[in-house]
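Data first, discussion second: the structure below is written as structure tokens.
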Amino acid sequence: MRAPEVLFEAREIGRPNLGANVPNARLSDGLARQTDSRRPRLRWARDRGGERGGTRGHASPPWPGRGRADPTKLVVAADGRHSIARTAAAISVRTWDYPQAAIASSFCHTRPHAGITTELHRRAGPLTTVPLPGLSPRVWSGLEDPGEAARLAKLSDTEFKALLEDRLQGFLGRIESIGPRALFPLRGLSAAPMAARRIALVGEAAHVIPPIGAQGLNLGLRDVAALSDRAWSTRGP
């Protein structure tokens, strides 16, 4: 038996779409192009180049031929959950583990996805499929007990496709091909404070949440927007 289906549509809230699913490589390339077009106001800093100071920070520019460190009033640390800049600022973090692991892969299927993200709720955790551009490819992510997730990751492609077809209950048709599988133990992290010693944290340098709600990227963008608004209100136009 299956629980009743619930369909959420963007038109219910007066919008053309509920959101956008963007492949990470394309997103990274787009962000890089935007930052490159804004030099020298916006600069990338290498992880190994951070130095903390009382009134100024220093960031090593990544361009060839520039060996000196550029002084700056603020270093924005977007260097991930193992942030070197956060350590340099002596910002403490709280971490915790969840008794689940996510297993993820991309695959192609015979029925069109119609641009719909689908989430099936199971006892072990949700199973989610996300539509991507192209001939009906999807990204699949499921939560499992860590031991079961490790077992599934080691299945042959034939065994894994059969398992996925069964768990998706046929709504995407036959699974034709499947990509490499990745295993992600679920962990959480929260930094406090969010800034110290002229270093401000954004993204996973500041907080890590499980990917269930797919809100990690959105939170990181909100961090940047909040920091930008704060800097603008402080300095003025």
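Before moving on, here are some points about what is shown:
- Label separation (LEU120 vs ALA10): 2.6 nm, computed from points 7 Å beyond Cα along the C-beta direction.
- Phi angles of segment 96-105 translate, via the Karplus equation with coefficients 6.51, -1.76, 1.60 and θ = phi - 60°, into HN-Hα couplings of 7, 10, 10, x, 9, 9, 9, 10, 10, 7 Hz per residue; Gly and Pro are given as x.
- Lys, Arg +1 and Asp, Glu -1 on Cβ, resulting dipole of segment 95-185 about Cα centre, debye, nearest 20: 180
- Between ASN218 and SER177, the simple spin-label model (points 7 angstrom out along Cα→Cβ) gives 3.2 nm.
- Normalised alpha carbon radius of gyration of segment 95-185 [divisor 2.2 N^0.38 Å]: 1.05
- Given charges at Cβ of Lys, Arg, Asp, Glu: segment 95-185 dipole, positive-most of PRO126, LEU172, ALA102: LEU172
- Compared with the alpha-carbon gap, the fully stretched path from ARG33 to ASP97 is longer by 19.5 nm at 0.36 nm per residue.
- Here the gap between ASN17 and ARG151, fully extended at 0.36 nm per residue and compared with their Cα-Cα distance, gives a gain of 44.6 nm.
Laboratory data are not the source of any read-out in this text; all were calculated from the coordinates shown. Only a predicted model underlies this, so the values are computations on that prediction, with no experimental measurement involved. Ideal geometry is used to build each Cβ from the backbone, glycine not excepted, and the neighbour counts take in all protein chains shown.
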